[in-house]
């Protein structure tokens, strides 16, 4: 670990924190339906969309209608991606003449993108046409991100409203989020990325003759426009197979730094939206503090582990940390930091190959996802995931003192706690369940690229990433098989929607409750006691759930490595 | 609930048209106008022919060139499409070795590479980036140590004084952005082009 490394990490945190208030203020205006400085240009587009779509923007929805609208929207999104992938050979914008994608891979990818997972069983440059990349993947990057944010805002309204039947209008929330928040930032961001060296072209792959006279086919494409939303919307699905490690998808140290900021920007700012909407910004800062404690602990461990390297490297006298699967322009620190960020948020973009991380360095990304990606988290998904843990923490605190727990003026009762537990328990059910199935099926075991405990970790990581809608991978695992395409798709589907529906039910029941003023017996939820309590609940629930699985994977591998065992 | 079906179709199609077609196509047009070179892939031409991209590494095997890092990219075997063969720096694909810290295959590969390099330059410690594969398999850079390590070999193959070659390497070291972000590095293709120029 170096001083300059830590300065980069702290600078990163400082910039993310500095963006929280301005972005939080702007998004609050957008979701409250107020005029913003973008309105003169965007308001006419917005009204046309509502008129054609038959949306009455003044009419709000009950939580059930809101949820049904969201689900219908995803059915359509699924069909568009699946259709484009199957038919891409017949459609325009396909200079590399990519053929139709197989049905199981198309199914997996379509589920992957509508759930904001963006698991890559496809290799972008070797499988997909430009049209599929744009109208299939780029469009769903926007819409799945907008959906996540809309749902978080709906849950916030549940807390901030009093005795109301409705939680907002899904169509209005998604449209406003796309037009006012995501699109303007992405336009500027795309130009920045192209300036840094990212291609943005519809031209064919380039044939080059290298200095030594060999032929090199260089894949290009409309990369920057997709990468902008891929990072900002915490989607993470790469244009190229190597994702953000590919020099075209992340050309410089600066593009890397800005990409890392854009992963966290919206998720962190949503804590401020929460604070503003419930009438006390300090409530938002307290939540961000919980995230910050967990985040910095993860960064420190992974950075330490990667800088230390492996016993194999040490025995050969190689110093400088574990550079296997990392790029020179990012080095140890930017690769470690990126890995922790991308798994804390449910982004899943990678600028280094997690499969080649040290056992402990790779365990932190795994833990980040298993905690439910609540450390900033996916745009929207992170906040509502975190609020589930807050509800539990408040409930536990209430049990300790024997009072009905309250949070930001709402009584937390049986229904909320049941919904929170339902949403939280769905995740380990999927990733532990499918991992258990995969390791006893010989055909699934055959997909492992590494032997020994590392192979087990590959499988555990895959199902954790899919269930958490992350999308990063221990990419040695051959995931493009019938078994993994279907089981991973089911993990992504359940991990997304079986979490969302209870969250929306909770939003509805909270909105219907009266707001009560704080009394002498109310636990203050803005101080360090509260922050410590939530961190504790997250670690205890997480620890009890997945520690045994970690012991079989990264922990035993670390011990084996220290004993110089190879597999 | 039925009234939600109309927006589910129409809002979806309109937003798809905006974000999936209008946005990327407009960005392609704008970026192509403002940054034409980058938008096409930062291509380098020599005598009217494309010889590569400034951002994409390429394979160097000859002694007279600086070598990049090992690349773990594979490609379908032309003889049997169900198998893959090693295809270093294949820029129509990308990816890393994905071998973990306790992988015997990785340990053996690194050991072999270290021995080869030690034979080439016994007096300098082997820099780690020269024996580890990059994440993309297309890493255009090596560390300054990785370049300096190769100076004796390159100088000998070209009949140039070592100091001259070393000087060229030092001129090609790219610093951290604002002295802070990223790592020190040398772009292998740029260095080799300069080397060809200097040998004329």
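The values are calculated or read from the model by the stated rules, or taken from the named source; none is laboratory data. Every value quoted in this text rests on a predicted model; they were computed, and no experiment measured them. A quick note on method: Cβ atoms are made from the backbone with ideal geometry, for glycine too, and the neighbour counts reach across all protein chains shown.
Structure values in brief
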{"item": "Subset tally (residues that are more than 9 Å from chain B (Cβ to nearest Cβ) and out of contact with any strand residue (DSSP E or B) (no Cβ under 7 Å at 6 or more places or on another chain)) for the stretch A:132-168", "result": "22"}
{"item": "Conditions (1) free of Cβ contacts under 8 Å to residues at least 60 places away in the same chain; (2) touching a helix residue (DSSP H, G or I) at 6+ places or on another chain (Cβ under 9 Å); (3) part of a loop (DSSP other than H, G, I, E, B); (4) under 18 Å from residue B:130 (Cα atoms); number of the one not met by residue B:107", "result": "(3)"}
{"item": "Test result for residue B:179, farther than 23 Å from residue A:356 by Cβ, within 14 Å of chain A (Cβ to nearest Cβ), exposed (fewer than 15 other Cβ atoms within 10 Å of the Cβ) and over 22 Å from the mean Cα position of the chain (by Cα)", "result": "yes"}
{"item": "Selection within the stretch A:87-123 - part of a helix (DSSP H, G or I) and either surrounded by fewer than 18 Cβ atoms within 10 Å (Cβ to Cβ) or under 19 Å from the mean Cα position of the chain (by Cα) (or both)", "result": "A:87, A:89, A:90, A:103, A:104, A:108, A:109, A:110, A:111, A:112, A:113, A:114"}
{"item": "Any hit, the stretch B:129-149, residues being closer than 23 Å to residue A:332 by Cβ, in a helix (DSSP H, G or I), at pLDDT 95 or above and within 7 Å of chain A (Cβ to nearest Cβ)", "result": "yes"}
{"item": "Criterion: without any contact (Cβ under 8 Å) to a residue 24 or more places away in the chain and assigned to a helix (DSSP H, G or I) - qualifying residue of A:488, A:559, A:533", "result": "A:559"}
{"item": "Yes/no for residue B:118 being farther than 21 Å from residue A:474 by Cα, more than 9 Å from chain A (Cβ to nearest Cβ) and not in a loop (DSSP other than H, G, I, E, B)", "result": "yes"}
{"item": "Residue within the stretch A:269-285 that is more than 10 Å from every other protein chain (Cβ to nearest Cβ) and under 17 Å from residue A:4 (Cβ atoms) present", "result": "no"}
{"item": "Among the candidates A:235, A:241, A:250, A:256, residue that is more than 7 Å from chain B (Cβ to nearest Cβ), touching a residue at least 40 places away in the same chain (Cβ under 8 Å) and closer than 15 Å to residue A:137 by Cα", "result": "A:235"}
{"item": "Qualifying positions in the stretch B:150-172 - touching a residue at least 24 places away in the same chain (Cβ under 8 Å) and either in a loop (DSSP other than H, G, I, E, B) or closer than 23 Å to residue B:46 by Cβ (or both)", "result": "B:150, B:154, B:157, B:158, B:160, B:164, B:165, B:168, B:169, B:172"}
{"item": "Qualifying position, being within 14 Å of chain B (Cβ to nearest Cβ), in a helix (DSSP H, G or I), under 24 Å from the mean Cα position of the chain (by Cα) and at pLDDT 95 or above, among A:23, A:72, A:11, A:19", "result": "A:11"}
{"item": "Residue in the stretch A:197-217 that is in a helix (DSSP H, G or I), in contact (Cβ under 8 Å) with a residue 60 or more places away in the chain and within 7 Å of another protein chain (Cβ to nearest Cβ) present", "result": "no"}
{"item": "All helices (runs of 4 or more DSSP H) inside the stretch A:292-395 with 3 or more residues being in contact with a helix residue (DSSP H, G or I) (Cβ under 6 Å, 6 or more places away or on another chain)", "result": "A:331-344, A:359-370"}
{"item": "Only listed residue being more than 23 Å from residue A:211 (Cα to Cα), surrounded by 24 or more Cβ atoms within 10 Å (Cβ to Cβ) and within 20 Å of the chain's Cα centre (by Cα), chosen from B:96, B:100", "result": "B:96"}
{"item": "Helices (runs of 4 or more DSSP H) within the stretch B:5-96 that include 2 or more residues over 25 Å from residue A:230 (Cα atoms)", "result": "B:5-16"}
{"item": "Residues being in a helix (DSSP H, G or I), within 15 Å of residue B:5 (Cβ to Cβ) and free of Cβ contacts under 8 Å to residues at least 60 places away in the same chain - total across the stretch A:48-63", "result": "1"}
{"item": "Selected residue (only one of B:83, B:61, B:37, B:46 is more than 29 Å from residue A:143 (Cβ to Cβ) and at the interface with another protein chain (Cβ under 8 Å from one of its Cβ atoms))", "result": "B:61"}
{"item": "Qualifying residue in the stretch B:188-198 (condition: assigned to a helix (DSSP H, G or I), within 9 Å of chain A (Cβ to nearest Cβ), over 20 Å from residue A:334 (Cβ atoms) and without any contact (Cβ under 8 Å) to a residue 24 or more places away in the chain)", "result": "yes"}
{"item": "Test: residue in the stretch A:122-140 that is touching a helix residue (DSSP H, G or I) at 6+ places or on another chain (Cβ under 8 Å) and more than 24 Å from residue A:200 (Cβ to Cβ)", "result": "no"}
{"item": "Residue in the stretch A:21-43 that is surrounded by fewer than 22 Cβ atoms within 10 Å (Cβ to Cβ) and in contact with a strand residue (DSSP E or B) (Cβ under 9 Å, 6 or more places away or on another chain) present", "result": "no"}
{"item": "In the stretch B:22-39, the residues that are buried (at least 18 other Cβ atoms within 10 Å of the Cβ) and under 21 Å from the mean Cα position of the chain (by Cα)", "result": "B:38, B:39"}
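Residue-wise test of (1) closer than 24 Å to residue A:494 by Cβ; (2) under 16 Å from the mean Cα position of the chain (by Cα); (3) in contact (Cβ under 8 Å) with a residue 12 or more places away in the chain.
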site	(1), (2), (3)
A:379	yes, yes, yes
A:384	yes, yes, yes
A:396	no, no, yes
A:402	no, no, no
A:409	no, no, yes
A:417	yes, no, yes
